[in-house]
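A.B. asks: Structure in structure tokens, see below.
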Number of protein chains: 2
Amino acid sequence: MLGYSTNMSLTRTRARRATINDVADAAGLSRGTVSRVVNGEKYVSDEARHAVEDAIARVGYVRNSAARNLVKQESRAIGLIIHEPHSLLFEDPNIGSILLGANEVLSKADYQLVSLIIDSDRDSRRVADYLRGGLVDGAVIISARASDPIAAAIAEIGLPAAFVGHPDGTPELPYAAIDNEEAARAITSRLLGTGRKRVGMIASALDRDSGKDRLSGFRAAMGGQFDPGLVVEYPLYTYAAGFDGMQELLRRAPDIDGVFAASDAVAAGAMTALQEAGRRVPEDVGVVGFDDSSWALRCRPQLSTVRQPADLLGSAAAELVLAQLNGLPGTPRVLETEIQWRESA
Amino acid sequence: MLGYSTNMSLTRTRARRATINDVADAAGLSRGTVSRVVNGEKYVSDEARHAVEDAIARVGYVRNSAARNLVKQESRAIGLIIHEPHSLLFEDPNIGSILLGANEVLSKADYQLVSLIIDSDRDSRRVADYLRGGLVDGAVIISARASDPIAAAIAEIGLPAAFVGHPDGTPELPYAAIDNEEAARAITSRLLGTGRKRVGMIASALDRDSGKDRLSGFRAAMGGQFDPGLVVEYPLYTYAAGFDGMQELLRRAPDIDGVFAASDAVAAGAMTALQEAGRRVPEDVGVVGFDDSSWALRCRPQLSTVRQPADLLGSAAAELVLAQLNGLPGTPRVLETEIQWRESA
DNA sequence: CGATTTTCTGTGAACGTTCCCAGAGACAGC
DNA sequence: GCTGTCTCTGGGAACGTTCACAGAAAATCG
């Protein structure tokens, strides 16, 4: 006990934080009363309230969340797990929209959104520990790949959670998604409707549900005309994939006159490759994309694409988590997409 | 005590989590021994270790972080505060790079990076509470504006922290930054060196140190030729700002033959506006940008710009926080930039 | 004015860990 | 066989809250 009072030791560089007891002493009241003031409960006299508020300011008290979370058995925080390869975190504007959409919903419900990014196996383990440790009350998982270990860890401990997207091979969790297959089918049909005869696809991210489903949709729309030689595949939804992919398609089929790119970034890359190869868009080759991200308006000519409501996906997933927190079922939601027909086809 | 054993009440829908005491009981050992096993300490017999590991698996124990944080008085988490307007979160690839850079450093030091985004006043308050509550041991603040309330809150409680960038009007905290002014001066001089006579600037984000300093650098380089009429200002570093800004500049000075855009996104917008106005880049008008983001290579012609090492800014800021956590001073770091001269000027 | 309700305050217990100390046992050295 | 070191285990105390309960004081009621 002696060592404690002479608080000049170098072992603890930061000053000891004031606790609720310090406030109580300073105000000449009890712990309980201070707690009631801090939490804005009723049954505390004006006199006491002011004394406590005064004391709080004087000693510089701020509540210790760890202690509170421990006794309340909740954190009022929701984790959002971003599991993306480097390049996509820079290029994919959807992620930002999803984030903001989720944040808006959670913020209104007075939950703190904490984003955790996974960029290595070490991260993966640490994030799993973080989620399991009770530091969040729920989780939103974006861009999970088939059989993601994080998703398994979440399911195992029964943490309320929801996916953005609908990867298969993952545990049974609710999700907010769009129907990628149907949307891809629709825009490919529309492209065919402009009279194109040789239509190819630059497919991406086939390890994700979105990538896989967009390819199936394309195949469905092409029906008997489907030619596997006119599909090229790349691992990521990037501008570079579009650029390289288009060059490859031109090599394979110089007479190609239509392309469905798996995302807007891919489409932008493809358009650059086409223009450098001297093809006019849309006169010689029609190009369509997917996402209706900021890329679409930036392209010249402006891109015809599928509008996907990324912010709504984020907020819907957040709502699914909140529903579970309130003991409700949390049934999957499929949001509507819409074709944005502009100039590129 | 009676009520506790019959654990069928509906008030608590999720099953009670196993605690360290449950594990101890199941293993026929004490709390202390279980704790030692969980934390991988020495002085525990092989026999005991196996018994505990067995028991942990059997009861499905996972450590409660709130309790641990409370007694250890640390969380081993670092907050990263993103305070950006909507549009930038989508368009600015630097943010992703900074995030990954910081994450890499912290991950190696076994700290969990948690990103907190601020998108409203409500968020601002909640995030401040989160930081103050002891849920993080330190913070990295990116894109703070002059006199940011969050920065003030952090300084007030003495949380180890660092800025990315160097806003003034903010509390004395270490930072990792580049010399925006000098870099802007350098690239403007280089642009002038190509023989341009009428050079303007599309300035952005003057409420931020980066925006302000880039403008000063431009002015310094222009010296006596500086014409305030050839500077247009926009609030955000966006493609749209570049597009609109360039149109405005062309209106004000049809004979303009050089432009310094405050960022690559701005430059990309400017180039589109120029091309739509029938000007050739770089023959009629030279364009330079700032960032060397993925925009730069995407532009046609490719953009001459200032390369700024966004990932290193993130990692340097993270290192500054770690240094403070280890009781070291944490002195500001200014990182080198480099001109990437390509085709647009 | 006594009985009842309402308002207000204080305190013990609990949340689930880690830390520290005491003590038991094994083993070595002389 | 005594002393000393090393290995291992158990349990009390503390971390800083919230909660439930008890009881005092004040207000209301019949």
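A.B. asks: Identify the single condition in (1) in contact with a Ser or Thr (Cβ under 6 Å, 6 or more places away or on another chain); (2) more than 14 Å from chain A (Cβ to nearest Cβ) that B:D227 does not satisfy, given that it satisfies every other one.
C.D. replies: Failed condition: (1).
A.B. asks: Residues being surrounded by fewer than 23 Cβ atoms within 10 Å (Cβ to Cβ) and among the acidic types (D, E): count how many of those fall in the stretch B:287-309.
C.D. replies: Counting residues in the stretch B:287-309 that are surrounded by fewer than 23 Cβ atoms within 10 Å (Cβ to Cβ) and among the acidic types (D, E) gives 0.
A.B. asks: If you take the residues in the stretch B:95-116 that are at pLDDT 95 or above and hydrophobic (A, V, I, L, M, F, W, C), which one is surrounded by the fewest Cβ atoms within 10 Å (Cβ to Cβ)?
C.D. replies: B:A109
A.B. asks: Scan A:D92, A:D119, A:D123 and give me the residue that is under 23 Å from A:A161 (Cβ atoms), more than 8 Å from chain B (Cβ to nearest Cβ), open to solvent by less than 60 Å² (accessible area, probe 1.4 Å) and acidic (D, E).
C.D. replies: Only one candidate qualifies: A:D92.
A.B. asks: Still on this structure, please answer the following. State yes or no: is B:A296 within 13 Å of chain A (Cβ to nearest Cβ), touching a helix residue (DSSP H, G or I) at 6+ places or on another chain (Cβ under 7 Å), closer than 18 Å to B:L236 by Cβ and of a type outside the set (F, W, Y)?
C.D. replies: No.
A.B. asks: Here's another thing I want to ask about it. Collect the residues in the stretch A:40-70 that are outside any helix (DSSP H, G or I), within 12 Å of DNA strand C (Cβ to nearest atom) and at pLDDT below 95, keeping them in residue-number order.
C.D. replies: Across the stretch A:40-70, the qualifying residues are A:E41, A:K42, A:Y43, A:V44, A:S45.
Matching residues to (1) open to solvent by 10 Å² or more (accessible area, probe 1.4 Å); (2) in a helix (DSSP H, G or I):
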residue: B:L131; (1), (2): no, yes
residue: B:I141; (1), (2): no, no
residue: B:I187; (1), (2): no, yes
residue: B:L215; (1), (2): yes, yes
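A.B. asks: Moving on to the next point. From the set of residues in the stretch B:126-157 that are among the β-branched types (V, I, T) and more than 10 Å from chain A (Cβ to nearest Cβ), which is nearest to the chain's Cα centre (by Cα)?
C.D. replies: It comes out as B:I142.
A.B. asks: Among the acidic types (D, E) and in a loop (DSSP other than H, G, I, E, B): does that describe A:E156?
C.D. replies: Answer is no for this residue.
A.B. asks: Output the number of residues of the stretch A:270-286 satisfying the condition of being in a loop (DSSP other than H, G, I, E, B) and open to solvent by less than 40 Å² (accessible area, probe 1.4 Å).
C.D. replies: 3
A.B. asks: Now a separate question. Test B:F260 against the criterion of being part of a helix (DSSP H, G or I), open to solvent by less than 50 Å² (accessible area, probe 1.4 Å) and touching a Phe, Trp or Tyr at 6+ places or on another chain (Cβ under 6 Å), and give yes or no.
C.D. replies: No: the conditions fail for B:F260.
A.B. asks: Could you give every pair whose Cβ atoms fall below 6 Å, whose first residue belongs to the stretch B:37-62 and is at negative phi, and whose second residue is more than 13 Å from DNA strand D (Cβ to nearest atom), counting only separations of at least 6 or pairs across chains?
C.D. replies: The qualifying pairs are B:V59/B:A18; B:V59/B:D22; B:Y61/B:A18; B:V62/A:R132.
The values are calculated or read from the model by the stated rules, or taken from the named source; none is laboratory data. Treat the numbers as computed from the prediction; the structure is a model and nothing was measured. Here the Cβ is made from the backbone with ideal geometry for all residues, glycine too, and neighbour counts use every protein chain on show. All accessible areas refer to the heavy atoms of the entire protein, side chains included, with ligands and DNA or RNA removed. Shrake-Rupley method; radii C 1.70, N 1.55, O 1.52, S 1.80 Å.
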